[in-house]
Amino acid sequence: MTLKGAYLFDSHALLKFFQADAGHEKVMRLLEQIQKTHLQKYLNAINLGEIIYSTKREFGDQKKIEVLAHIERLKFTVLPVPNSLIFQAAEYKAQFSISYADCFALASAVEHKAAVVTGDPEFKKVEHLVEVVWV
């Protein structure tokens, strides 16, 4: 795969990576390639929240802290959630039948001209709006 541009990771891809679920190797290779090429990698703050609550609920506080430290070490740019992004995510939610959190990932990816890295099949519905890198 030839990498170019920026990449926005949704919670699905990163949870797969941190929990070593099936397909985590593909996420790991992509992260390594992005690191080598110095391309931008984003994570929307709403999706970061998903990672935090999912990890805490499933594995507890210690694992949650480890995952947060790992995100910091990987040098993700965590994107804020200004009102304009909230409004765009709401528009996407009204138009497409995808989760509201996924709408934030979509809105951020469109705004930053980034490919969405995910394994979440909901993104099939919006492939016409954004490039999707399937993991």
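Residues that are of a type outside the set (Ser, Thr, Tyr), touching a residue at least 40 places away in the same chain (Cβ under 8 Å) and either outside any loop (DSSP other than H, G, I, E, B) or surrounded by fewer than 13 Cβ atoms within 10 Å (Cβ to Cβ) (or both) within the stretch 2-16 comprise 5, 6, 8, 9, 12, 13, 14, 15, 16, listed in sequence order.
For residue 8, the conditions (1) of a type in the set (A, V, I, L, M); (2) in contact with a Ser or Thr (Cβ under 7 Å, 6 or more places away or on another chain); (3) farther than 20 Å from residue 127 by Cβ all hold with the exception of (3). Can you pull out the residues in the stretch 36-48 that are in contact (Cβ under 8 Å) with a residue 12 or more places away in the chain, assigned to a helix (DSSP H, G or I) and either of a type outside the set (S, T, N, Q) or surrounded by fewer than 19 Cβ atoms within 10 Å (Cβ to Cβ) (or both)? Scanning the stretch 36-48 gives 37, 45, 46, 48. I'm trying to understand the selection: among the residues of the stretch 98-130, which are under 10 Å from the mean Cα position of the chain (by Cα), in a helix (DSSP H, G or I) and under 21 Å from residue 3 (Cα atoms)? Across the stretch 98-130, the qualifying residues are 105, 106, 108, 109.
Please work out if residue 67 is over 15 Å from residue 134 (Cα atoms), part of a loop (DSSP other than H, G, I, E, B) and either under 17 Å from the mean Cα position of the chain (by Cα) or of a type in the set (Gly, Ala, Ser) (or both). Working first, answer last.
Values: over 15 Å from residue 134 (Cα atoms): yes; part of a loop (DSSP other than H, G, I, E, B): no; either under 17 Å from the mean Cα position of the chain (by Cα) or of a type in the set (Gly, Ala, Ser) (or both): yes.
So residue 67 does not fit the description; no.
Just so you know, in the stretch 1-31 the residues that are of a type outside the set (A, V, I, L, M, F, W, C) and either touching a Cys at 6+ places or on another chain (Cβ under 7 Å) or over 21 Å from residue 79 (Cα atoms) (or both) include one that is modelled with the lowest pLDDT, and it is 2. Pairs linking a residue in the stretch 92-106 that is under 16 Å from residue 80 (Cα atoms) to a residue that is among the basic types (Lys, Arg), with Cβ atoms under 8 Å and 6 or more positions apart or on different chains, are 100/93; 103/93. Restricting 64, 75, 93, 125 to those that are touching a Lys or Arg at 6+ places or on another chain (Cβ under 9 Å) and surrounded by 14 or more Cβ atoms within 10 Å (Cβ to Cβ) reduces the list to 64.
In a loop (DSSP other than H, G, I, E, B) and out of contact with any helix residue (DSSP H, G or I) (no Cβ under 7 Å at 6 or more places or on another chain): is that true of residue 26 in this structure? In short, no. Residue 33 meets each of the listed conditions (1) of a type in the set (S, T, N, Q); (2) farther than 15 Å from residue 115 by Cα; (3) over 15 Å from the mean Cα position of the chain (by Cα) apart from (2).
Test residue 54 against the criterion of being buried (at least 20 other Cβ atoms within 10 Å of the Cβ), within 19 Å of residue 135 (Cβ to Cβ) and touching a residue at least 40 places away in the same chain (Cβ under 8 Å), and give yes or no. No: the conditions fail for residue 54.
The values are calculated or read from the model by the stated rules, or taken from the named source; none is laboratory data. Nothing here was measured: the structure is a model prediction, and the numbers come from that model. Quick reminder, even Gly has a Cβ in these numbers, built from the backbone with ideal geometry, and neighbours come from all protein chains shown.
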